[in-house]
Amino acid sequence: MMKDILTQPWMVEMILTTTNMYNHGWDERNGGNVSLLLDSDSYGEYVDLPVLRKIPTGFSCPDLEGKYFLVTGTGKYFKNVQYAPEVNLGLVRLIEEGKTAELLWGFADGGKFTSEFPAHMMSHAARLQIDPENHVVMHCHPANLLAMTYVHSLDEREFTRTLWQMSTECVVVFPDGVNVLPWMLCGTNEIGLATAKKMESARLVIWAMHGIYGAGKDLDETFGLIETAEKAAEIYMKTAHLPRINTITDAQLRELEVRFG
């Protein structure tokens with residue numbers, strides 16, 4: 001007998017995570033999106049679900065052929081996921097070299113996956129080449145990271161160093177730093193390709209004047225990555241206008257790298 005999909009651990013965690021993201025203020029209105037790659041032992045009971053609809057993706061991603069994703073929907077409010085997951089989330093299987101998504105569950109009101117689906121899938125493909133255990137791509141609009149892109153250099157080395165200096169744990173949590181894209185039109189294959197390229201060398205990619213993308217092994221790790229970077233940005237925004245008396249030096253950052261690297 002097939003288990004209730006709403007009781008599956010990965011479904012429960014997706015609902016809790018999107019709710020938490022909304023409560024953090026990262027996902028106003030219908031802002032933000034999350035995609036979770038499911039392992040075969042997670043979706044095994046659902047492979048025989050009837051295909052509800054076939055949805056063109058508008059891009060090609062052969063590396064993800066046959067893979068299953070739980071993904072948030074376009075135009076959906078994260079605050080509503082906990083109340084109507086079957087409307088705000090969808091389980092899809094990619095076919096035809098990623099050019100088509102088969103909807104197996106969800107989007108019950110006729111909706112479809114997030115408009116940022118290209119950036120998500122291309123980022124999954126890129127991260128899987130680096131880390132076969134990568135399962136999550138998360139996009140949101142944390143206020144302090146967003147604000148920082150208006151007043152700080154977008155040079156990736158400088159941006160990373162500033163975040164590292166704001167909190168001791170930063171270089172430990174994201175030693176690969178952050179990559180940064182200048183403002184680009186969202187929802188396009190172009191920004192998807194650019195994001196995926198940046199994902200080859202860092203799990204955090206900032207979209208200037210827009211938000212951030214994070215990737216990780218699970219929802220907790222990815223949420224924690226963004227949470228840590230956002231707190232560092234908050235400290236920066238609270239102190240940037242004040243005289244800097246103390247800081248974490250480059251030598252101290254190297255000490256942390258040796259100790260925790």
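Listed values, structure above:
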quantity: Residues Phe78, Phe69, sorted so that the one with the fewest Cβ neighbours within 10 Å comes first; calculated: Phe69, Phe78
quantity: Angle between the chain longest axis and helix 189-199 axis [Cα atoms, degrees, rounded to 10]; calculated: 60
quantity: Packing-based ranking, highest mean first, of 25-37, 94-106 given that Cβ atoms within 10 Å are counted; calculated: 25-37, 94-106
quantity: Ranking of Val71, Val258, Val173 by count of other Cβ atoms within 10 Å, fewest first; calculated: Val258, Val173, Val71
quantity: The range 163-244: chymotrypsin sites (Phe, Trp or Tyr not before Pro) falling in loop per DSSP and having at most 15 other Cβ within 10 Å; calculated: Trp183
quantity: Of His152, His139, His120, the one that fluctuates the most in a GNM where the chain has Cα springs shorter than 10 Å; calculated: His152
quantity: Overall dimensions of the range 37-172 as given by Cα atoms, namely Rg and Dmax in Å; calculated: 17.7, 52
quantity: Dipole axis of the chain (+1 Lys, Arg; -1 Asp, Glu on Cβ), positive-most option in Ile15, Ser115, Ala126; calculated: Ser115
quantity: The chain: Cα Rg divided by the 2.2 N^0.38 Å rule of thumb; calculated: 1.02
quantity: Reciprocal mean inverse distance between Cα atoms of the range 143-261 - Kirkwood radius, Å; calculated: 14.7
quantity: Mean projected area in nm² (Cα convex hull; one quarter of hull surface) for the range 1-115; calculated: 6.9
quantity: Charge sum, other residues only, whose C-beta stays under 13 Å from Asp131's C-beta, Lys/Arg counted +1 and Asp/Glu -1; calculated: -2
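Only the coordinates and a few stated rules stand behind these numbers; no lab work does. Being a predicted model, the structure only gives us computed values, none of them experimental. Cβ: placed from backbone, ideal geometry, glycine included. Neighbour counts: every protein chain shown.
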